[in-house]
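The values are calculated or read from the model by the stated rules, or taken from the named source; none is laboratory data. On a predicted model such as this, the values are computed, not experimentally measured, just so you know. Methodologically, a virtual Cβ is constructed for each residue, glycine included, from the backbone with ideal geometry; neighbour enumeration extends over all protein chains shown.
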Amino acid sequence: MIEITAKIEPGATVEVRDKLELPYELRQKRWLRARLKSGEEVALKLKRGETLRAGDLLAAPDGGAIEVTAAPEKVIHAECASSLELARAAYHLGNRHVAVQLGYGFLRIVEDHVLEEMLRGLDLKLSHVEVPFEPEMGAYSGERHK
């Protein structure tokens, strides 16, 4: 089993030797066991407060890197006819501390029937899709979503 205790700083030149695909919920954990794409087991033991984003690189003990990827998961895709509708929906979701992925004219949240009804009540066009989920970071996280 590979033990990983650190992320690699952005911009470092390293060889990516494997990939670790995780859903959003597991990318929020700093301690976990998982399997790499190659099938090898990995134990993550990251520092307090660290979370993973798609594209992050993890330092492998052999000097290489393991790339974090976002696993496809079931989400609600809400399309908005105007920026005002998008802002209104994002406001109400943020008021409930819900992780939200924003895009041009749409937002996505992890499936939740109560929130789905709320969005339907705001007259958004809803659909269910299975895609990688990468919500916005907190405003005070020091990171910016790309």
Candidate set from the stretch 8-25 (those that are farther than 19 Å from Glu40 by Cβ and modelled with pLDDT of 90 or more); member that is surrounded by the most Cβ atoms within 10 Å (Cβ to Cβ): Tyr24
Can you name the condition, by its number, that Arg30 falls short on among (1) surrounded by 12 or more Cβ atoms within 10 Å (Cβ to Cβ); (2) free of Cβ contacts under 8 Å to residues at least 24 places away in the same chain; (3) on the phi > 0 side of the Ramachandran plot? (3)
Yes or no: the stretch 73-83 includes at least one residue that is within 24 Å of Leu22 (Cα to Cα), under 15 Å from the mean Cα position of the chain (by Cα) and among the charged types (D, E, K, R). yes
Given the stretch 8-103, what strands (runs of 3 or more DSSP E) lie entirely inside it while holding 2 or more residues that are farther than 22 Å from Pro135 by Cα, outside the structural domain of Leu115 (by TED's automatic domain parsing) and of a type in the set (A, V, I, L, M)? 41-45
More than 21 Å from the chain's Cα centre (by Cα), without any contact (Cβ under 8 Å) to a residue 24 or more places away in the chain and surrounded by 13 or more Cβ atoms within 10 Å (Cβ to Cβ), is that true of Arg120? yes
